[in-house]
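To start, the structure itself, in structure tokens.
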Amino acid sequence: MTLALGLLLGVGVVLLSSPFLWPAGRSIRSQRWHGPTDLLAERLSQAGMASVSVTALIVVSAVCGVAVAAICFAIVPVVAIAIISGLSALALPTALVTWRARSRRRATRVLWPDVVDHLVSAARSGLALPDSVVTLAHSGPVGTRPAFAAFESDYRATGNFARCIDELKNSLADPVADRILETLRMSREVGGSELTTVLRNLSSYLRQEAAIRAEVEARQSWVLNAAKLGAAAPWIILLLLATRPEAAAAYNTTAGAVLIVGGLFVTAVAYRIMLGIGHIPEERRWFS
């Protein structure tokens, strides 16, 4: 009886800890784990900078960090401020790439319904799915034409629709594009007569989502900008104070360094909380 209770307890412990020891995502072999390098490469692709390598981005970040730290120390001779400025500049190129990627996603969000409408028109005219996608290189929205032109070139050369769809997904690097292209892939592999209905419903949903998201972003933008200004204002004052020799000497002490690092920690935590509260969930990519 004691042995049975011990085994039952052990099984219970394993079952309780299984979600943490063996997450569901690890059991799906088709999902690829995204490391920091993969995430940076995907972000570069989303920003329209696929030709820039991750190594080049890291080198530029390091150069910016060292240069800004040296310039800041020359202007404000406070070691702690120079180190913080260098670390901030180290993340500046990545932040610019992220900003550009979000701007491009925001700009292309209103284009996807038109892309779907073109696909519906091509499908209703009797064109095959590959030819329907190819037409987007010539008649689709201007912002998406280069990616579909590359798809046309690849498909003419290989004739492999599945492989070309994967390359097109990597080129667009957009969750809405993933949804559209996976719908086309499933329709080609499985067949069926409901493709135009599905695409029309998807187009209607995308238009509604884009309108709601634009309204929410417009309403919260002034709150976020005010919060960002509130987070930056103390550091601007600190830089102005540190230009005075007596203030710089005080900040170069141990107590001054602790004060600056503590202020940085509080600012970072408050800024992250502010971003978390105002964050609008972004759709994740499908089968990427």
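The values are calculated or read from the model by the stated rules, or taken from the named source; none is laboratory data. Here the structure is a predicted model, which means the values were calculated and not measured. Note: ideal-geometry Cβ built from the backbone for every residue, glycine included; neighbour counts use all protein chains shown. With ligands, DNA and RNA removed, areas are computed over all heavy atoms of the protein, side chains included. Shrake-Rupley method; radii C 1.70, N 1.55, O 1.52, S 1.80 Å.
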Considering only residues that are within 21 Å of the chain's Cα centre (by Cα), surrounded by 15 or more Cβ atoms within 10 Å (Cβ to Cβ) and free of Cβ contacts under 8 Å to residues at least 24 places away in the same chain, which ones fall in region 67-95? SER88
Answer from LEU199, LEU206, LEU229 - the residue that is farther than 30 Å from ARG272 by Cα and either modelled with pLDDT of 85 or more or within 28 Å of the chain's Cα centre (by Cα) (or both): LEU199
What do you reckon, is CYS64 surrounded by 14 or more Cβ atoms within 10 Å (Cβ to Cβ), closer than 19 Å to SER88 by Cβ and free of Cβ contacts under 8 Å to residues at least 24 places away in the same chain? no
Could you please find all residues in region 97-118 being of a type in the set (A, V, I, L, M) and either closer than 15 Å to VAL142 by Cα or surrounded by fewer than 15 Cβ atoms within 10 Å (Cβ to Cβ) (or both)? ALA107, VAL110, LEU111, VAL115, VAL116
Selection from region 130-156 of residues farther than 21 Å from SER45 by Cβ and open to solvent by 30 Å² or more (accessible area, probe 1.4 Å) yields ASP131, THR135, HIS138, SER139, ARG156
The residue that is nearest to ARG109 (Cα to Cα), considering only those in region 210-224 that are in contact (Cβ under 8 Å) with a residue 60 or more places away in the chain and charged (D, E, K, R), is ARG213
Set ILE260, ILE277: member being in a helix (DSSP H, G or I) and open to solvent by 90 Å² or more (accessible area, probe 1.4 Å): ILE277
Restricted to region 174-197, and to residues that are more than 22 Å from ALA147 (Cα to Cα) and outside any helix (DSSP H, G or I), which residue is least open to solvent (accessible area, probe 1.4 Å)? GLY191
Of the candidates ARG207, ARG200, ARG213, ARG219, the one satisfying the condition of being open to solvent by less than 50 Å² (accessible area, probe 1.4 Å), among the basic types (Lys, Arg) and over 30 Å from PHE73 (Cβ atoms) is ARG213
